[in-house]
Structure formats: C-alpha cells, structure tokens
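Have a look at the structure below before the remarks.
Read the figures in this text as sums done on the coordinates, not as results from a lab. Not measured: the values here are computed from a predicted model. Positions of Cβ are backbone-derived with ideal geometry, glycine not excepted, and every protein chain shown enters the neighbour counts.
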Amino acid sequence: MAVSRTLPPTPLQRLPPAEKVIMGIDPGTQIMGYAVIEVRGQHVKVLQYDVINMKALGTNHAVKLKRIFTRMLELIDEFLPDELAIEAPFYGVNVQSMLKLGRAQGVAIAAALSRDIPFVEYAPTKVKQAVTGSGAADKEQVARMLRQTLELPPIEEAPKFLDATDALAVALCHHYQQGNNVKAGAKSWGKFLEDNPARALATTGAPRKPTPRRAS
C-alpha cells in the first residue's frame with residue numbers, strides 16, 4: 001500500500017535585513033537635492049533621489065525653511081535612515097547667499113536630529129573626490145560617474161536632476177568613508193574617460209543648458 005508523503009514547505013528565500021540606510025542632502029535655498037540609499041554588505045541600492053523645489057514659494061526665506069523642515073521629516077519618517085550625510089555650504093563671495101544656504105543646511109540637520117539621526121558633513125571637494133576621483137569635477141561629471149557606478153537611468157529618461165545626483169554623491173561618499181566600496185565605484189574619473197573617449201569630448205565642450213526642474 002502506497003503511503004503518501006507530504007514534503008515540508010520550502011523556506012522562502014529572504015534577503016538579509018538592510019545593514020544601513022543613508023540619506024544624502026545637497027542643501028539649497030531654491031532647489032535642495034536629496035537621496036536615500038540602502039547598503040547591504042558591498043551592495044548599494046538607490047531607494048530614491050529627487051529634489052525639493054522651492055522656487056514657487058516666492059522670496060520669503062522663512063517659508064522655504066519651513067518647507068525644508070516639513071519635507072525632511074516626511075522623508076525621514078518614510079525611509080527611516082540610520083544616518084544623514086550633508087554637503088557643507090560652498091564659501092562663495094556672496095555673504096547673504098552663504099547665510100541663507102547655511103540656514104537651509106541647519107534646518108535639514110535639525111529635522112534629522114529631531115528624529116535622533118546622527119549627521120556628518122562633507123566638503124564639496126571631498127564628495128567629488130570620493131565619487132569621481134577628482135575634487136574639481138563638475139555636476140555633469142558627478143552625474144555620469146554615478147550612472148556608471150550605480151547603474152542609474154539617464155537623467156533625461158527620469159525626473160531626476162543634477163541637484164539630486166549631487167545629493168546621491170554625498171550619500172555614496174559617506175558610504176565610502178566607512179571603508180566600503182562598490183565594484184564600479186573603484187574606478188576613477190580618468191579611467192572612466194579612458195573607457196569612454198566620446199564622453200571626454202562632451203565634458204570639454206560648451207556648457208549645456210540645465211535640465212528643467214519640476215516641483216516636488
């Protein structure tokens with residue numbers, strides 16, 4: 001007499017829990033870029049990168065600061081980042097612009113601290129050096145290197161902008177500073193241009209018009 005036998009169900013294959021979620025911020029008083037990455041071992045996954053567009057809010061700086069704080073809290077509550085990496089303000093010649101940028105950065109940091117999230121600040125040259133191998137790289141070069149490193153869709157095919165890729169670079173820089181690296185990220189900007197000579201010409205030509213931005 002045949003005996004039926006029920007095999008135990010095959011356990012579902014599950015990914016290990018996320019080791020860390022990092023939020024990167026590129027401060028701005030008109031456009032603020034943000035990005036969120038998830039790190040699992042040597043694998044980096046981009047959860048989201050976009051911008052907070054405040055151009056439609058007029059000239060009232062307090063209203064813009066409130067928008068930054070509110071949106072930051074929304075993003076923090078959605079993605080629950082473990083750490084915040086933020087770019088330090090660039091010391092230009094316009095003192096008033098510098099002060100406003102510093103306030104925007106401070107509000108973003110305050111939002112993170114209100115949720116007990118630690119933050120780290122990185123100089124712009126440090127971020128560019130970490131991502132492209134050159135502290136003098138421009139926004140377009142940073143965006144191109146990120147698309148190669150993280151296999152992002154071209155900016156033209158996705159509603160993402162250079163401020164958003166700058167924020168993504170800040171988050172990735174923070175990941176690198178902790179002794180981690182992703183395979184493609186080990187390539188320098190010089191190596192990238194060597195492998196892609198056609199793009200070297202594109203970076204030395206006339207500057208392109210900025211990609212139109214949408215509200216967020």
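Other residues with beta-carbon under 14 Å from the beta-carbon of PRO124 carry, at +1 per Lys or Arg and -1 per Asp or Glu, a net charge of -3. Among the listed pairs LYS20/LYS126; LYS100/LYS126; LYS20/LYS100; LYS55/LYS100; LYS45/LYS100; LYS66/LYS100, those with a Cα-Cα distance over 24 Å are LYS20/LYS100; LYS45/LYS100. Other residues with beta-carbon under 9 Å from the beta-carbon of VAL170 carry, at +1 per Lys or Arg and -1 per Asp or Glu, a net charge of -3.
Applying 1/(1 + (r/R0)^6) with R0 = 25 Å to the Cβ-Cβ distance of THR59 and LEU80 gives a FRET efficiency near 0.15.
Packing, as the average of other Cβ atoms within 10 Å across residues, places the peptides 34-42, 166-174 in the order 166-174, 34-42, highest first.
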